[in-house]
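Every number here is computed from the coordinates shown, using simple stated rules; none is lab data. Source: prediction; values computed, not measured. Cβ coordinates were reconstructed from backbone atoms using ideal geometry, including for glycine residues, and neighbour counts include every protein chain displayed.
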Amino acid sequence: MSDVEQERRGVRRAEAGGNLSGQLEIDLETNVLQISPGGMMVELEVPVAVGSEYPFTLDIDGHHLDLVGVVRNCEPSRPGDASTSYHVGIQFRDVDERQQEILTRFVESKL
């Protein structure tokens, strides 16, 4: 790193050398394709790792739900195509009674 880069940043950087892992929580708008009381299928422009957990919000019938979901599958929306979007299956985790009631009522109203 040049002295100019160090001055501009104000701090020095060290190479991690592949010994450090991290998780970037990405704030992305998504299109919910399907929903059930236990999870949902969404469409994302980037792939995500199966098993990763993400916080997300749903606004359902005037109710704001802050939830956590676990990615259970992630596949290109058009297999065999150079797709730019992915269908991602998410299982809800730690849903409280109120949230479960709102989700169930919403799904039943759509069936």
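Does the stretch 43-84 hold any residues that are in a strand (DSSP E or B), more than 21 Å from Lys110 (Cα to Cα) and among the polar types (S, T, N, Q), and which are they?
Passing the criteria: only Asn73.
Return the residue satisfying two criteria in turn: it lies in the stretch 85-103 and is over 15 Å from the mean Cα position of the chain (by Cα) and either part of a strand (DSSP E or B) or β-branched (Val, Ile, Thr) (or both), and of such residues it is nearest to Val48 (Cα to Cα).
Val95
Considering (1) touching a residue at least 24 places away in the same chain (Cβ under 8 Å); (2) crowded, with 16+ Cβ neighbours inside 10 Å; (3) within 18 Å of the chain's Cα centre (by Cα), say which one Val71 fails and leave the rest.
(1)
Please enumerate the residues belonging to the stretch 27-42 that are more than 15 Å from Arg105 (Cα to Cα) and not in a strand (DSSP E or B).
Those that are more than 15 Å from Arg105 (Cα to Cα) and not in a strand (DSSP E or B): Asp27, Leu28, Glu29, Thr30.
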